[in-house]
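The values are calculated or read from the model by the stated rules, or taken from the named source; none is laboratory data. Note that the structure is predicted; figures quoted are calculated from it, not measured. For neighbour counting, all protein chains shown are included, and Cβ atoms are generated from backbone atoms with ideal geometry for every residue, glycine included.
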Amino acid sequence: MTTTGTSPRAKLKPQPAPAAEEFTLWGKTRDGVVKYGFVAVTVLLFGYFALTQSAFATSDSLFAMLKYASVTAILGLGMTFSMVVGGMDMSIGSQAGLAVQLAAMTMVFYNMTGVTAGIIVVLGGVLVGLANAVLIVYFRIPDLLATLAMMFVIQGVKLIPVSGQSVSAGMVLPDGSVAPGRFTEGFLQIDRGMVGPVPLPVVIMLVLAVFTWFFLSRTKWGRLMYAVGANPQAARLSGVRVGFYRGLAYVLTSLLASVGGLILVSRIGQGDVNAGSSSLLEAVAVALVGTSVLGANKPNAWGTLLGALLISIVLTGMTMMGFQYYYQDTAKGLVLLVALVFSYTMSRKRVRFTPAT
């Protein structure tokens, strides 16, 4: 129904800015920077380090860089699932650490095979994911609070059986006996193995990236996850089982965290009690960086993968240039800040108020 006598202020409504030539030029430039900016930054940084550091662009260095990025990328892909449904799994680093401890204890304490250790780790990850899902969906605890509590629980639980010690072959157990087992050669090949010239962790990373992309972009479940993350209330009114898809996302997050933990423990060759402690921030960083890639403005697999690669390029290049390790966190933070600028500032549309017609 139309009303009369309204004030001029009431007749104002937001409309897009006029398509003047200068605004159009700015808009095209801005959209191009948003869409291709991070890809360009990655290419430029790679080119800079390749020109200034002779060892940077060698095949050995490239594969080592990708191998280093594999664990972070896999955890970032796991974080991508929880971010797609509008949450964030704060326990993902602790879950990777739990995978390290479970694998080490299975082989060293109980003298079991690497295959058995892998199965136990995966089952443990699924159980943690289900526990997070129950807390979030059934008890309706906010995602951050539920997974933060789970993080502390896991950090304590993984230390109790080993009395706070790292697990290694030949260690003395709490009862005074010597651990009978060791890391099997087959298990260590998870990190050391090769598929042709490509390290096995890189192959695993790429397979999981393809799986994540296909699941989220090409299946009904993935599209419904995006719908849940965008507007859970609208999704629920449309008949989507919001709780089921949120729970599924956290199970998949935990599953990928376990895989990342398996690669990590095979890399370090012991059950380090501090393993995974920095993985949370790295996983969050690469997943957030990924939202800025190609102007996606949403969590996605290829963006997360590029985010992990970008951070690996920066850290490898800085190391070759002689920067000390304590500069690395600053570099990670700057990369994340730039990503946030791309996501939350440059992608905004210009809006102004014009009189309603």
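Checking the conditions here, which among V167, V153, V172, V126 is more than 22 Å from L281 (Cα to Cα) and either at pLDDT 95 or above or buried (at least 17 other Cβ atoms within 10 Å of the Cβ) (or both)? Before the answer, list the steps.
Values: V153 fails: more than 22 Å from L281 (Cα to Cα); V172 fails: either at pLDDT 95 or above or buried (at least 17 other Cβ atoms within 10 Å of the Cβ) (or both); V126 fails: more than 22 Å from L281 (Cα to Cα).
The match here is V167.
Restricting the search to the range 176-224, which residues are among the basic types (K, R) and more than 17 Å from L77 (Cβ to Cβ)?
Step one: filter the range 176-224 for residues among the basic types (K, R), giving 182, 192, 218, 220, 223.
Result: R182, R192, K220, R223.
What pairs come up if the first residue lies in the range 169-195 and is within 10 Å of G114 (Cβ to Cβ) and of a type outside the set (A, V, I, L, M), the second is modelled with pLDDT under 95 and surrounded by 14 or more Cβ atoms within 10 Å (Cβ to Cβ), and their beta carbons are under 7 Å apart, counting only those six or more places apart or on different chains?
Pairs found: F183/A169; F183/G269.
Any residue at all in the range 180-193 that's touching a helix residue (DSSP H, G or I) at 6+ places or on another chain (Cβ under 8 Å), under 30 Å from L305 (Cβ atoms) and among the aliphatic types (A, V, I, L, M)?
yes
With of a type in the set (S, T, N, Q) and under 19 Å from the mean Cα position of the chain (by Cα) as the only criterion, which of N132, N111 stands out? First the steps, then the outcome.
Numbers: N111 fails: under 19 Å from the mean Cα position of the chain (by Cα).
It is N132.
If the Cβ limit is 8 Å and pairs must be 6+ apart or interchain, which residue in the range 280-293 that is touching a residue at least 60 places away in the same chain (Cβ under 8 Å) pairs with which residue that is of a type in the set (F, W, Y)?
V289/F38; G290/W302; S292/F38; S292/F342; V293/F38; V293/W302
Checking the conditions here, which among S343, S347, S312 is touching a Phe, Trp or Tyr at 6+ places or on another chain (Cβ under 8 Å) and either surrounded by 15 or more Cβ atoms within 10 Å (Cβ to Cβ) or at pLDDT below 85 (or both)?
Details: S343 fails: touching a Phe, Trp or Tyr at 6+ places or on another chain (Cβ under 8 Å); S347 fails: touching a Phe, Trp or Tyr at 6+ places or on another chain (Cβ under 8 Å).
None of the others qualify; the one that does is S312.
Could you list all residues from the range 302-316 that are small (G, A, S) and within 13 Å of K332 (Cβ to Cβ)? Spell out how you get there, then give the answer.
So the first thing to find is which residues in the range 302-316 are small (G, A, S), and the list is 303, 307-308, 312.
Correct list: G307, A308, S312.
Which residue out of S277, S258 is among the polar types (S, T, N, Q) and assigned to a helix (DSSP H, G or I)? Reasoning before the result, please.
On the way: S277 fails: assigned to a helix (DSSP H, G or I).
When all the criteria are applied, what remains is S258.
In the set A57, A20, A73, which member is more than 23 Å from L135 (Cβ to Cβ) and either modelled with pLDDT of 95 or more or touching a Pro at 6+ places or on another chain (Cβ under 6 Å) (or both)? Quick ask: steps written out before the conclusion?
On the way: A57 fails: either modelled with pLDDT of 95 or more or touching a Pro at 6+ places or on another chain (Cβ under 6 Å) (or both); A20 fails: either modelled with pLDDT of 95 or more or touching a Pro at 6+ places or on another chain (Cβ under 6 Å) (or both).
Only one candidate qualifies: A73.
Which count do you get for residues in the range 162-191 that are part of a loop (DSSP other than H, G, I, E, B) and of a type in the set (D, E, K, R)? Give the steps one after another, and end with the answer.
Taking the range 162-191 first, the residues part of a loop (DSSP other than H, G, I, E, B) are 162-166, 168-171, 173-177, 179-184.
Checking the rest, the ones that are also of a type in the set (D, E, K, R) come to 175, 182.
Total satisfying the criteria: 2.
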